[in-house]
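The values are calculated or read from the model by the stated rules, or taken from the named source; none is laboratory data. Only a predicted model underlies this, so the values are computations on that prediction, with no experimental measurement involved. Please note: Cβ atoms are built from the backbone with ideal geometry, for glycine as well, and neighbour counts cover all protein chains shown.
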Amino acid sequence: MELIQQDSLSLKQIRLYNPLLLSKYLNIRYKVFICEMNRRIIFGEFHFNDLPARHYVLQLNNKVIGTARLIYEDKNIVRIGSRVAILENYRNKGYGGFIVNRLLEIIKDENLASVVSLFSEDNRIDFYKRLGFVAREKIFTFSVPVTYMVINV
Ligand SMILES: CC(C)(COP(=O)(O)OP(=O)(O)OC[C@H]1O[C@@H](n2cnc3c(N)ncnc32)[C@H](O)[C@@H]1OP(=O)(O)O)[C@@H](O)C(=O)NCCC(=O)NCCS
């Protein structure tokens, strides 16, 4: 298995003055969360949660290969808004883990929140557990079972 070179990887926050990066970000979300997951409701993917959120892309040697989103819920909790994604051809090389760890570092450095939460689908729970998250409770969103997970930073 190929090992990742961390110095060629960077997680960049998207700014409105960078529409090229924004379009690449939206394209990956479209590919992963609509096409790959076979969801038909495009307007269900892009909605009000996105407006106050911070959006990130993962670049590998200047190629955008992943996405993430942070939602500031209240004073002490930041949610990794279930949009961590890596393009299919780049999976299982540590890039997804890199994104989550980098987000945790960013949150820790800002010192605005001490708890990071997320809702994980069943097949991603172990991925997040390996990164240090603890499963708290299972709930249903639109009849899909998801597990609320947290980590202290
Ligand atoms: C979930 C997702 C982001 C993970 O991305 P990824 O880049 O494959 O993640 P990683 O490579 O860090 O970890 C995946 C696996 O590869 C393994 N791995 C990581 N680096 C490795 C390396 N250098 N060598 C061998 N194996 C490695 C990890 O142990 C991990 O194993 P696990 O799946 O049993 O936990 C990706 O599968 C994805 O985009 N899925 C679709 C969208 C999605 O479901 N997002 C989550 C919403 S809750």
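Data for the structure
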{"read-out": "Within region 36-73, considering residues that are in a loop (DSSP other than H, G, I, E, B) and either within 14 Å of the ligand (Cβ to nearest atom) or among the acidic types (Asp, Glu) (or both), the one surrounded by the fewest Cβ atoms within 10 Å (Cβ to Cβ)", "value": "38"}
{"read-out": "Test: residue in region 109-119 that is modelled with pLDDT under 95, surrounded by 15 or more Cβ atoms within 10 Å (Cβ to Cβ), part of a loop (DSSP other than H, G, I, E, B) and not acidic (Asp, Glu)", "value": "yes"}
{"read-out": "Boolean, residue 16 is on the phi < 0 side of the Ramachandran plot, hydrophobic (A, V, I, L, M, F, W, C), away from the ligand (no atom under 14 Å from the Cβ) and part of a loop (DSSP other than H, G, I, E, B)", "value": "yes"}
{"read-out": "Where a residue in region 9-38 is in contact (Cβ under 8 Å) with a residue 40 or more places away in the chain and its partner, wherever it lies, is of a type in the set (Ser, Thr, Tyr) and assigned to a helix (DSSP H, G or I), with Cβ under 7 Å and at least six apart", "value": "14/25"}
{"read-out": "Count of region 75-108 residues which are within 14 Å of residue 11 (Cβ to Cβ), of a type outside the set (Val, Ile, Thr) and assigned to a loop (DSSP other than H, G, I, E, B)", "value": "2"}
{"read-out": "Condition met for residue 83 (without any contact (Cβ under 8 Å) to a residue 40 or more places away in the chain and not polar (S, T, N, Q))", "value": "no"}
{"read-out": "Answer from 124, 130, 102 - the residue that is within 12 Å of the ligand (Cβ to nearest atom), of a type in the set (Lys, Arg) and loosely packed, with under 11 Cβ neighbours inside 10 Å", "value": "130"}
{"read-out": "Residue within region 74-85 that is at pLDDT 95 or above, within 9 Å of the ligand (Cβ to nearest atom) and farther than 21 Å from residue 153 by Cα present", "value": "yes"}
